[in-house]
Every structure is written in structure tokens, then in C-alpha cells.
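Student: Quick one: the structure is below, questions incoming.
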Amino acid sequence: MSSASASQAPLLNTPEVADQVGVLLVSSNEGLRQDLASRLQSSRWTIQEATSGAAALEKAQAGVVSVVLLDPALPDLKVDEFRHLLAEGHPDIEVIPVNSHTGQPILAAPLPDSMSFDLVREVERFGPFKLEMAASPLAAEFDQKSDQGLPGFIGSAPTVQRLCALARLVAPRETTVLITGESGTGKDVVARAVHELSLRRQKPYVVINCAAIPEALLEAELFGFVKGAFTGAVQSRIGRIHAAQGGTLFLDEIGDLPLGLQSKLLRFLEQGEVQRLGSTDTFRVDVRVVAATNANLKKLVQERGFREDLYYRLSVFPIELPPLRERMSDLLALTHAFLGKYCAHSVTLTPEAITILKQHTWPGNVREVRNVIERASILVGAGREIRPEHILI
């Protein structure tokens, strides 16, 4: 990029433009750009257009841009490449992928029940949210929930407070949630909490581990089957999706879902219908989906191991769980909580035992803490103190 363009970059943070939301429409499809521009006509923001990823990056560098409406079918860059390059220079710019045909946001955040969907609302939810935090109704709701925890989730570190606020914010809505994080960070606990805090809490909560069931059986488990659909199908049975009717379906380890089933899951998510193996009949199912994975789905998409359209459909509202090494201030709270669970009598930790716990890096995260404390509670027996010899790491 030219030095002249680069010199204009500070405009993005000047007070004179802080109240002006710049919207950049990025698509090689002129008709789509015109449609988006007509729907966004307002004095509240300026509208610019770009026909490629490179042109969009230049405009972001040279002008006032708060929100990018991005047609994923870029002629020159992959979406992840564009996001990475944009984030390097302008991390505050929000990118909203839009459907190449309809212009609807692919990652649309949920709206309150009192609001109907429109593109203007979507831009308002992303642009002013960062520029005018104090004036944002979502920000006010976020702040109200930021000091509240989640059922079963232990911790008070800043990163934990944030994820708890996000989970409480999305729980009452119908939005699909994608929970990411390393193994043992408590993704299943957050998923369960989202269900318990939702309007569906009195309905079924059905869990299926996509990595634990052989591929040959997983389709039948998810969608069900009719008698005679395959060898051993001696009677018809509904699938886990159907069993979650009215409630929440938790798809754990979604990154391990075989490619052959990803298209069928996507069809269910888009149409709300399931078809059992061996049958041509479809059943309408009302289910809220929460998915979790310890895999890097974006990388899997690039490696063609995970469908891009399914990824966008699942990650409407992502929640990332921090590893324990990034919230070590919660270690003793976790330790005491597990001691209370596994010890029938009052037990304390000696200073030497605490030192050992604090010096460990905990690659297994909260699950490893639980296992270590469970072993210690067995080894201490009827004793009242957990000493270093009881801490087996």
C-alpha cells in the first residue's frame, strides 16, 4: 500500500469520526452491492464499495470503516486470508459475512423477540457496539450479566467473567452456539448451563459425542431409522435429534463429524427436518443446537475436513473457553470445590501441597485438576491434611 494511503490510517480513531459508522460493501457482484446499499440508505453512516479483497483492504486503510459486509466469494482472497490481513492493521473493524445471493448476514447475532430481522439492525448491532459502548442496549445487558456466573462453572478470572456473561446473554435466545476450547476446559458444563438458563430448560437436553460413536452408527443415532433399514434394525427408532424435541441438542466434538454426515446435519439446521434411515418421510423438529469442539474448525475448513457452510451455520454465536494456565487465579477455587465433592470430611491443603499445585502447568486443564484432587482425596484417607505425597501429577 502507498505511503499516502498509510498516512490516512489514523482517521479511524479520530474524535471527529467517532460517531460516524463507515460500512464497506465487498463483493464482485454489482447487483448484490447495489441491493445492500439500497437497504442501508441512512445518514447515520457512509457507504463504500469494493469488488475484491485487495481493494477492500486499501479502502479500510485509507478511509473510515467500522463494518465490512463481506461476500465470501472473493475473486482474489480466501475469507480467512482477508480476515487475517484486515485484523493485522484494523482489529476493531467488524466483518459480517453475507449470503452471496440474498445478502443476509451468515453470522447474524440473535435479535430480541421484540425486533424483526433486517440488515440495518444487523449493522447497528456490530458497528455502534464498539464505537458507542455506553449507548448499546446489548452492552448494557452484557454489563448486567458480567458479574454473574454459570451453573456448575467455577471461576472468577476476567476471562471467565466474560464467557459467563456471553453465555447468559445468548442462553434465553434460540441462537446456535459454538463452544470452543482445549480438552478439559469445561465445554460440556457451559453447554449444559446454556440449556438450564434457556426457555427450554424444562424440555430434554440430549447429548451426542460425535467422536465416540463409529461412523457407521452415527447417522442412525442422529436421525433414527425404520425397521429393516439395515441388518439388525429389528424395530424403528427415533434419533437423538428427534429425542431432543422442544429442548437442546448438544453436539460434542463436532469437529469429528464425518464429512458424509455434515451435509445432512446442515440440511437439518437449515430446514428443521429429519429423515430416518430407510424412510422417505420427514419429521419437523424444534431443537436448539449447541456444539462444542477442541479442534480448530477454521483450519479444518481450509484443509477441506469440515464444510465451510456448516461452520458458519454453527458459529452464529461462538464462546471460547480459556485454558487453565490463563486463569490460574481460579486454581484454588477449583481445588476446594473438588475437595468438597470427593471428601466426606473437612480436609485442608498444606502450603507445600498448594505450591506443587501452583507450579504445575495443567495441560489437562480443569479435568486434570479434578482427577488429581480425586486421587488425593482417596490417598488422604481419614486424614485432615493433603500433603505433597498425596498430590500425584
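Values quoted throughout were computed directly from the atomic coordinates according to the rules given, and no laboratory measurement underlies them. Just so it is clear, the structure is predicted and the values come from calculations on it, not from any experiment. With ideal geometry, Cβ positions are generated from the backbone for all residues, glycine too; neighbour counts draw on all protein chains shown.
Student: Could you give the C-alpha radius of gyration of the range 325-390 expressed as a fraction of 2.2 N^0.38 Å, taking N as the number of residues it contains? The partial results should precede the final answer.
Tutor: On the way: Rg = 11.0 Å, N = 66, 2.2 N^0.38 = 10.8 Å.
Computed over Cα atoms of the range 325-390, the ratio equals 1.02.
Student: In addition: When a footprinting reagent is the concern and you count Cβ atoms within 10 Å, what order do Thr185, Thr282 take, fewest first? Spell out each step's value before the answer.
Tutor: Values: Thr185 25, Thr282 13.
Placing the least packed residue first, the sequence is Thr282, Thr185.
Student: Shifting gears a bit: Starting from the alpha-carbon convex hull of the range 238-323, give the projected area averaged over all orientations, in nm². Write out the running numbers ahead of the final one.
Tutor: Details: hull surface 24.3 nm².
The number I arrive at for the range 238-323 is 6.1 nm².
Student: For the range 82-97, take each phi angle, set θ = phi - 60°, evaluate the Karplus expression 6.51 cos²θ - 1.76 cosθ + 1.60, and give the result in whole Hz per residue in order, putting x for glycine and proline.
Tutor: Result, rounded to whole Hz: 4, 4, 4, 5, 5, 5, 4, x, 9, x, 8, 7, 8, 10, 10, x.
Student: Could I ask something else about it? Grab the beta carbon distance between Arg284 and Leu392, set R0 = 35 Å, and tell me the FRET efficiency rounded to 0.05. Don't jump to the answer; show the numbers that get you there.
Tutor: Values: r = 52 Å, r/R0 = 1.49.
E(calc), rounded to 0.05, equals 0.10.
Student: While we're here: Pop out the ³J(HN,Hα) list for the range 193-199 in order, Karplus 6.51 cos²θ - 1.76 cosθ + 1.60 with θ = phi - 60°, rounded to Hz; leave Gly and Pro as x.
Tutor: Here the 3J(HN,Hα) series is 5, 4, 5, 5, 9, 8, 6 Hz.
Student: At R0 = 51 Å, how high is the FRET efficiency between Glu30 and Gln235 if r is their beta carbon distance? Nearest 0.05 is fine.
Tutor: Numbers: r = 57 Å, r/R0 = 1.11.
E between Glu30 and Gln235, to the nearest 0.05, is 0.35.
Student: Moving to a separate point now. Given labels modelled 7 Å from the Cα in the Cβ direction, how far is it in nm from Ala54 to Ala37?
Tutor: It is 2.2 nm.
Student: Given +1 on the Cβ of Lys and Arg, -1 on the Cβ of Asp and Glu, and no further charges, what dipole in debye does the range 262-393 carry about its Cα centre, rounded to the nearest 20?
Tutor: Values: 19 positive and 15 negative charges, 30 e Å.
Roughly 140 debye, rounded to the nearest 20.
Student: Here's another thing I want to ask about it. Within the range 201-216, find all residues whose amide N lies under 20 Å from a label point positioned 7 Å from the Cα of Gln275 along Cα-to-beta-carbon.
Tutor: 216
Student: Follow-up question, since we're still on this one. Find which of Ile179, Ala211, Ala233 sits farthest along the positive direction of the dipole of the range 167-233, computed with +1 on the beta-carbon of Lys and Arg, -1 on that of Asp and Glu, about the Cα centre.
Tutor: Result: Ile179.
Student: Taking only the C-alpha atoms, wrap a convex hull around the range 146-322 and report its volume per residue in Å³ as a whole number.
Tutor: Working: hull volume 19.9 nm³, N = 177.
Normalising the Cα hull of the range 146-322 by residue number yields 113 Å³.
Student: With the crude spin-label approximation of a point 7 Å out along Cα→Cβ, what separation in nm comes out for Arg162 versus Val207?
Tutor: With each label point 7 Å from Cα toward Cβ, the separation is 2.7 nm.
Student: Something else about it: Cut-off is 10 Å between beta-carbons; in what order do Phe153, Phe82 appear when sorted fewest neighbours first?
Tutor: Neighbour counts put them in this order, fewest first: Phe153, Phe82.
Student: Over the range 285-384, what lengths in whole Å, largest first, do the semi-axes of the equivalent ellipsoid take, defined as the square roots of 5 times the eigenvalues of the alpha-carbon gyration tensor?
Tutor: Numbers: eigenvalues 294, 52, 24 Å².
Equivalent ellipsoid of the range 285-384: 38, 16, 11 Å, largest first.
Student: Take the Cβ-Cβ distance between Asp309 and Glu81 as r, set R0 to 22 Å, and report the resulting FRET efficiency rounded to the nearest 0.05.
Tutor: Numbers: r = 18 Å, r/R0 = 0.83.
Approximately 0.75, to the nearest 0.05.
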